[in-house]
Amino acid sequence: MRWWDIDPVLELEHELFPEDAWSAGMFWSELAQARGPKATRRYVVAEDPTGRLVGYAGLAAAGDLADVQTIAAARDQWGTGLGARLLTDLLRAATAFECAEVLLEVRVDNTRAQKLYERFGFESIGFRRGYYQPGNVDALVMRLADPATSLPPTDQDAVRSETHG
């Protein structure tokens, strides 16, 4: 993800997460930490063949722990495997950052995403009450130990990534 992706990302963000969408400032802050030799973030976007942005994802790393910050796919991409490709990219980044485990929060009412994470080996470890505001929706906290073991042997990266480093 680069600065010129922020506007189309925000458009998709507001479409998918109208109550608790990230602001432009939040994305700018994350991208500021995604480049250079001391990068601690990985942000990618996915485009369809026409160049339309159809997904994005981000990961933060601190020490041996990574956290999936965001992952989203346009509704017309649901069921195409895009979410899995985005998550695969983030897990590869977690491995490159030498993270021993990956955490994430997911809305308790987002069973589609929960099933994706479970397919990759994430396990539920707790809840964060009222995590998603202003709707006061709880988050399920999920953990993946050793992200390198959850990666498919090969994948078709449909993401345009801006790598760290």
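The values are calculated or read from the model by the stated rules, or taken from the named source; none is laboratory data. What you see is a predicted model; the values in this text were computed from it and never measured. Cβ coordinates were reconstructed from backbone atoms using ideal geometry, including for glycine residues, and neighbour counts include every protein chain displayed. Surface areas here come from the heavy atoms of the whole protein model, side chains and all, with no ligands, DNA or RNA. Shrake-Rupley method; radii C 1.70, N 1.55, O 1.52, S 1.80 Å.
Between Q133 and K115, the distance separating the two model label sites (each 7 Å from Cα on the Cα→Cβ line) works out to 3.2 nm.
In this rough spin-label picture, where each label sits 7 Å from Cα along the Cβ direction, the L65-E15 distance is 3.5 nm.
Of the solvent-accessible surface of the chain, computed with a 1.4 Å probe and all protein chains present, 51% belongs to carbon and sulfur.
The gain in end-to-end length when the E123 to T40 segment is fully stretched comes to 27.5 nm, 0.36 nm per residue minus the alpha carbon separation. Highest mean packing first, where packing is the average number of other Cβ atoms within 10 Å per residue, the peptides 61-72, 85-96 line up as 85-96, 61-72. All other residues with a Cβ under 10 Å from the Cβ of D64 taken together, and with Lys, Arg as +1 and Asp, Glu as -1, what is their net charge? Computed value for this residue: -2. Close amide H pairs (under 5 Å, H built 1.01 Å from N) link A39 with G165, residues at least 5 positions away or on another chain. Only one of (1) 1.01; (2) 0.93; (3) 0.97 was calculated from the structure for Rg/Rh (Cα atoms, Kirkwood Rh), and its label is (2).
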